[in-house]
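First up is the structure itself, then whatever we jot down about it.
The values are calculated or read from the model by the stated rules, or taken from the named source; none is laboratory data. Predicted model, so just to flag it, every value in this text is computed and none were measured. All Cβ positions, glycine included, derive from the backbone under ideal geometry; neighbour counts span all protein chains shown.
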Amino acid sequence: MFRLPLLGLAEVAWRWSFGLAVGAALVFMIREYLATLPVTAGEMLLLRTRQPALMAQALARIFQGSAPRAFAALVVLLLSLTLAWIVLASLGRAATLKTLIEYFRSSGRMPLAREPEVLPTSAGRGLGSLMILNSLRATALLASTVGLVGAMLVARMASRPDDPSPGMVLLIFWMLMMLIGLAWGMLNWYLSLAALFAVRDGASAWGALAQAMDLCLGRMGGLIAVATWFGIAHAIVFVVATSAVGIPLGFAEFLPGGVILGGVLLVTLLYFAAVDFLYVGRLASYVFLLEQSAPEPAPIVFAPSEDDILSDIPGFGPPLEAAEG
């Protein structure tokens, strides 16, 4: 993170560019959707009264029957953004991992597990495998979202109209949500780890998943240590950012709303930037674990000398039958 700060900035650049694209697409979709809604003179008159009941009645008439169009537009937008994220995330991750692998292999600070000739020569190495892995990550996110909807339906079944129990509903929903979130987080982490092998070795998506499993079984202690320390660092950054947000909010009575909103937005952006830098550091730790290799013990060689007797050297003694004969 500190020796290659431009790598963290590159991570911030591709992530934030996608975030800005998502925001712009959502604003454009909402604007175009609102432009398709017919508004009559009577409805405009009700809106100008500024009476909540009359305005709600006018809005209900305006949005009546437009839900299918909004849903169709949202589905098209989500599919397009998902495809864009798969391509952009694959390109960004390929470039990031290529730079990290080159840095560790050229620094001379550690023994290499592989020869230099297998070094990736371009950021496009394993790009197809990365796209498959990122597609699986997007599918996992979709499955977790569907699971949350199912958790809401299951929790709702615990309360009946004749015997309402909102506490039980909330407890069941939170437990299912935590289980779904834990399963999604572990699966997303595993798919992200497999990207290392797709870039380093040019492995297929399924081969990268198998190699990631071997790494988890062989270097479980190192992986847990990396996750623990960077998890602590992430928690510290979150606490600092949460505390810093309270500074502009404390001046809400004295400063304009735009200044307060700008201060909160600035702290939020700094928090996301710090998180992106920490993620690059975590990737570097994984690459280090992957590239380092324990030195093999030197083989024991018995070489005869002038003072040695053949029978004292293993393998040079006469056969037992010959000796007895």
One residue is enough: does segment 147-167 have a residue meeting the conditions in contact (Cβ under 8 Å) with a residue 12 or more places away in the chain, in a helix (DSSP H, G or I) and under 20 Å from LEU100 (Cβ atoms)?
no
Odd one out for VAL87 among (1) surrounded by fewer than 16 Cβ atoms within 10 Å (Cβ to Cβ); (2) more than 30 Å from ARG200 (Cα to Cα)
(2)
Number of the condition not met by ILE101 [criteria: (1) in a helix (DSSP H, G or I); (2) modelled with pLDDT under 85; (3) touching a Leu at 6+ places or on another chain (Cβ under 8 Å)]
(2)
Please state which one of MET186, MET177, MET131 is at pLDDT 90 or above, exposed (fewer than 13 other Cβ atoms within 10 Å of the Cβ) and hydrophobic (A, V, I, L, M, F, W, C).
MET186
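Of LEU289, LEU187, LEU269, LEU191, which residue is in a helix (DSSP H, G or I), of a type in the set (A, V, I, L, M) and either touching a Phe, Trp or Tyr at 6+ places or on another chain (Cβ under 8 Å) or free of Cβ contacts under 8 Å to residues at least 24 places away in the same chain (or both)?
Among LEU289, LEU187, LEU269, LEU191, only LEU269 is in a helix (DSSP H, G or I), of a type in the set (A, V, I, L, M) and either touching a Phe, Trp or Tyr at 6+ places or on another chain (Cβ under 8 Å) or free of Cβ contacts under 8 Å to residues at least 24 places away in the same chain (or both).
Working carefully through the options ASP214, ASP163, ASP201, find the one that is crowded, with 17+ Cβ neighbours inside 10 Å, more than 18 Å from TRP85 (Cα to Cα) and not hydroxyl-bearing (Ser, Thr, Tyr).
ASP201
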Hey, GLY92 hits all of (1) in contact with a helix residue (DSSP H, G or I) (Cβ under 8 Å, 6 or more places away or on another chain); (2) exposed (fewer than 11 other Cβ atoms within 10 Å of the Cβ) but one; which does it fall short on?
(2)
Looking at segment 1-77, what helices (runs of 4 or more DSSP H) fall wholly within it and have at least 2 residues that are under 30 Å from THR99 (Cβ atoms) and of a type outside the set (Asp, Glu)?
5-35
Which count do you get for residues in segment 44-70 that are under 24 Å from VAL27 (Cβ atoms), touching a helix residue (DSSP H, G or I) at 6+ places or on another chain (Cβ under 9 Å) and not aliphatic (A, V, I, L, M)?
3
Log entry, pairs with first residue in segment 207-223 being closer than 11 Å to LEU289 by Cβ and in contact (Cβ under 8 Å) with a residue 40 or more places away in the chain, second being part of a helix (DSSP H, G or I) and of a type in the set (A, V, I, L, M), beta carbons closer than 6 Å, six or more apart or on different chains, reads ARG219/LEU289; GLY222/LEU289
For segment 155-174, state whether one or more residues are within 22 Å of the chain's Cα centre (by Cα) and modelled with pLDDT of 90 or more.
no
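Of the residues LEU47, LEU4, LEU77, LEU26, which is touching a Phe, Trp or Tyr at 6+ places or on another chain (Cβ under 8 Å) and surrounded by 11 or more Cβ atoms within 10 Å (Cβ to Cβ)? Steps first, answer last, please.
Numbers: LEU47 fails: touching a Phe, Trp or Tyr at 6+ places or on another chain (Cβ under 8 Å); LEU77 fails: touching a Phe, Trp or Tyr at 6+ places or on another chain (Cβ under 8 Å); LEU26 fails: touching a Phe, Trp or Tyr at 6+ places or on another chain (Cβ under 8 Å).
The match here is LEU4.
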